[in-house]
Every structure is written in C-alpha cells, then in structure tokens.
1. Residues in segment 294-301: is at least one within 25 Å of residue 337 (Cβ to Cβ), polar (S, T, N, Q) and in contact (Cβ under 8 Å) with a residue 12 or more places away in the chain?
2. Let me confirm something: among 216, 262, 168, which residue is in contact with a His (Cβ under 9 Å, 6 or more places away or on another chain) and within 22 Å of residue 289 (Cα to Cα)?
3. Can you confirm whether residue 276 is surrounded by 18 or more Cβ atoms within 10 Å (Cβ to Cβ), over 12 Å from residue 172 (Cβ atoms), modelled with pLDDT under 95 and among the small types (Gly, Ala, Ser)?
4. Here are 338, 367, 396, 348: which of them is within 23 Å of the chain's Cα centre (by Cα), closer than 20 Å to residue 107 by Cα and at pLDDT 80 or above?
5. Is it the case that residue 79 is outside any helix (DSSP H, G or I), modelled with pLDDT of 95 or more and of a type outside the set (A, V, I, L, M)?
6. In this structure, does residue 72 turn out to be surrounded by 24 or more Cβ atoms within 10 Å (Cβ to Cβ) and more than 28 Å from residue 99 (Cβ to Cβ)?
7. Please find, among 341, 311, the residue that is assigned to a loop (DSSP other than H, G, I, E, B) and either out of contact with any strand residue (DSSP E or B) (no Cβ under 7 Å at 6 or more places or on another chain) or surrounded by fewer than 21 Cβ atoms within 10 Å (Cβ to Cβ) (or both).
8. For segment 62-101, enumerate the residues that are touching a Ser or Thr at 6+ places or on another chain (Cβ under 8 Å), within 15 Å of residue 421 (Cα to Cα) and β-branched (Val, Ile, Thr).
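The values are calculated or read from the model by the stated rules, or taken from the named source; none is laboratory data. Everything quoted here is computed from the prediction, not taken from an experiment. Here the Cβ positions follow ideal geometry from the backbone for every residue, glycine too, while neighbour counts run over all protein chains shown.
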Amino acid sequence: MSGPVIPASERQLKRDIGFFGAAFIAFNGAIGAGIFALPGRLHAEFGGFAPWLFPIFGLLILVIALPFGRVASHYPVSGGPVRYAARFGPLVSFQAGWLLWVARVTAVGANLNLLANYGGAAWAPLGTGAGRAALILCVCALIGSLNYSGVRRGMGAINLLTLLKTVPLVGVALLGLWLFADSIPSPGPPPPFGALESAALLVLYAFVGFETAVLPAGEMRDPGRMLSRAMVVTLMLIILLYFLIQLAYGAAMPVGPAPEAPLAALGAVVAGAAGALILTAGAAFSILGNVANALLSAPRLLFALGVDGLLPSWFGRVHARYATPANAVAFTTGAIVLLALTGSFVWLAAASTLARLIVYGLSVAALPGVERESETVGERSGGRVVVTWLMVVAALGVCLWAMLQSDWTQWRVLLALAAGGVALYFAAARSRRKMAAEPGRSGD
C-alpha cells in the first residue's frame, strides 16, 4: 500500500503519541464545558427521553467517524483535513485548514472565558478585569509552553487532565444511578421529528472535536493501524458516558427550568456540598483539558499549511531542540489569548459546528479516490468499492442534514470566514511569488 510522501520537516517530528494518547486527544476534543450545562436543558425539553438523544445522535456521528477514520489511516502525517482535502485543489485544502483552525481557537476562547467565570466564583478578583486577564494569560502561557517544548510534555498535561475531568463525571453518574435507581424515568414516546431536529446541533456539538485526534498524526506511532480505532472506540465511550450522566440527572433532578450549573446541582443532590464542589472543579479541569488538547492539535493545521506552501514556510518549521512545530504553537497560543481577552470569539463561535461539518464532508469525500490510489490490484474488489461508497454517501447525507439545521446567522458567519480565507489564501500566494522572485530568497 502506498501513501503520501512525508516532507523532510515532518520527519523531524518525534512519534511519541500512542493509542491511548490518540484516544485522549479525541476525548478532550469532544468533552469540554458543554456536558456540564447540557443535561439540564435536555431534561427540561425532553424529560425521560433525553438520555436517548445521545445514542441517536452519537450513531450519526459514528456514521461520519468511520469513513473519516479510514481516510486518516492513509495519512501518517500531521494536518488531517488539510492533507485529505488537497485532492480537490490547494484552495480547498487551505479552506479546510483555515475553517477548522478558526473553529478550534474560537471554541477555546469561549471556554477560557467560562473558566474565568468558574475562577471568579471561587475568588472574585479572577472573574473581572486584570484578574480575569491574568488567569487567561497564565493558563495559555503554561499550556502553550508545554506544547512548545515537546509533544510528550503536551501529552502529559492532556493525560493528567483527562483523569481529573473523567473521575467526577463517572462518579456522579454511577452514584446518582445507584441512589436514585427507583426514580429512573421511562423514555416514553419519542418526541416529534421536528423537536429532534431542533436539538440536532445542540447534541451534535457535544461530539464534535473527536477529529482533533488526526491532526498530530505525524507524531503518532503507526497511525495507519491505530488512529481510526482510537477515534471510534473513544466516541463509543463518550456516547455511553453522556447517556449515563443524562440518565442519572433525570433520575435525581425534577423536571423544570434548568439550574445555572446542572451537574454541580446534581453533585449537590447526590453528595451534598462536597459533590457540588467536586463537579465544579471537574468542569474547570474539563475546560483545561479542552484547552490543552487545542494547543496540541490546532497548531498542526498551521504547520501542515506551512509545509504544503499554503502559508509562509515560517509556520512549517520544526524546533531544532524540541522537535515541535514551535512557530505554529506560539502563533496559535497568541491568537487564542487575543480572542479570549477581546471577546472576538462570540460571533465566530456561531459557525463552529457548521465549519466542522463542512470539513468532515470534504474529508469523507476524499475516501474513494484515496483508497483507489492506495490499493494494489490484488486488493481491489467490487464489494469493497461498494462498501466504501455506501459509507461515504451515508456520511455526506448526515453532514448535509445537520448543516441544514443551521440558521442564517451561522451561514453568514461561515461565508464571511470562507471569504476571509479566500483573501488570505491569495494574499499568501502573492507574497510567496514576490519572495521567490527576490534574489537570494527561498520563500520564507
């Protein structure tokens, strides 16, 4: 089986990420702050049927993740969709990287402000003014420096935060189900299809982010064999975790308006003030895990664009000592700080899920061509081709249906971002041509 040629700069990266590292990246990409607020809203709107929304929409995400993972298995290089979408031309490749990078950094900007809210609840000066800015700067500086100085250090932060965020979530779900086993609500009749459609983006957003696992593939050991499996297994565990949390919430909490912090309220019901404190700390750790995940994965998009000549080669440089895409890490960290401190993420975040759905579609659409080129004559079979196309058509159908649930505001923001991406692409191309024409310049 043939694969893409690995550029020289990519060979400087260290392959220090294994199966569990890839799984933890997918886990932290998907689980941020949302699950700590979502159960209250779903319980208020859907009652006993709310837990079943996660298997329903989780299966739809798996329909996308399976062919997405198969595409990823052919690319042992960093950048993920930047490389997959290159089959459709450099502009499409650039847009895939640009839209996904913006989606990641804006989500982190929003999460950092939520983290400051949690900090302010613990100590008021952290919630406003200079204290808020200092908290955001310190978090980004610490996590950014870990990722700058080595992928193993960045993964160490992700591993620790995965443990600290998962234990409270699993604990409150199991304890709640044990204490309130007699109160678990029956699902009742399914809600009307229109009601399910209205919840589509809300619930799907709880799963998006799994794709971040493919971004540092150039730093993984044997990504072709384990990356797809890590993503799919992780998504199945996330579906189960969400289902149990929602089931416990429905058993322990009355139907009615959602409290301001639903899981902290659930923690208080099952374990008193200590339970509320543990779940509040768990929410903070979950946000930190999401930030750590973004500062490891998102820079690999800029790195791939730099290596492929779609951005200045400065972004594609590897640090001689740390073997990391250090410039891309530094730039992404700075962008996240700027967005978080200025609040610029608010209007950008509206298109986050929509942008990812488009990137999923582009990636999945590349699968038939990728497999056709990589298979030997002996590997080709009509049945395999049919299965591939069925997977692709099903995944594209899910993406299209989910995109149609977006409102006009989200589409306007996405179109503005895409237009900005086109302008940036041609500006970068013009700069490259100008620099290449200068004597003694190599395009840096």
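1. Checked against the condition, which is being within 25 Å of residue 337 (Cβ to Cβ), polar (S, T, N, Q) and in contact (Cβ under 8 Å) with a residue 12 or more places away in the chain, segment 294-301 yields at least one hit.
2. Details: 216 fails: in contact with a His (Cβ under 9 Å, 6 or more places away or on another chain); 168 fails: in contact with a His (Cβ under 9 Å, 6 or more places away or on another chain).
Among 216, 262, 168, only 262 is in contact with a His (Cβ under 9 Å, 6 or more places away or on another chain) and within 22 Å of residue 289 (Cα to Cα).
3. Details: surrounded by 18 or more Cβ atoms within 10 Å (Cβ to Cβ): yes; over 12 Å from residue 172 (Cβ atoms): no; modelled with pLDDT under 95: yes; among the small types (Gly, Ala, Ser): yes.
No, not satisfied.
4. So the residue among 338, 367, 396, 348 that is within 23 Å of the chain's Cα centre (by Cα), closer than 20 Å to residue 107 by Cα and at pLDDT 80 or above is 338.
5. Numbers: outside any helix (DSSP H, G or I): yes; modelled with pLDDT of 95 or more: yes; of a type outside the set (A, V, I, L, M): yes.
When the stated conditions are applied, residue 79 passes them.
6. Spelling it out, it is not the case that residue 72 is surrounded by 24 or more Cβ atoms within 10 Å (Cβ to Cβ) and more than 28 Å from residue 99 (Cβ to Cβ).
7. From the options 341, 311, the qualifying one is 311.
8. If the condition is that a residue be touching a Ser or Thr at 6+ places or on another chain (Cβ under 8 Å), within 15 Å of residue 421 (Cα to Cα) and β-branched (Val, Ile, Thr), then 82 is the only one that fits.
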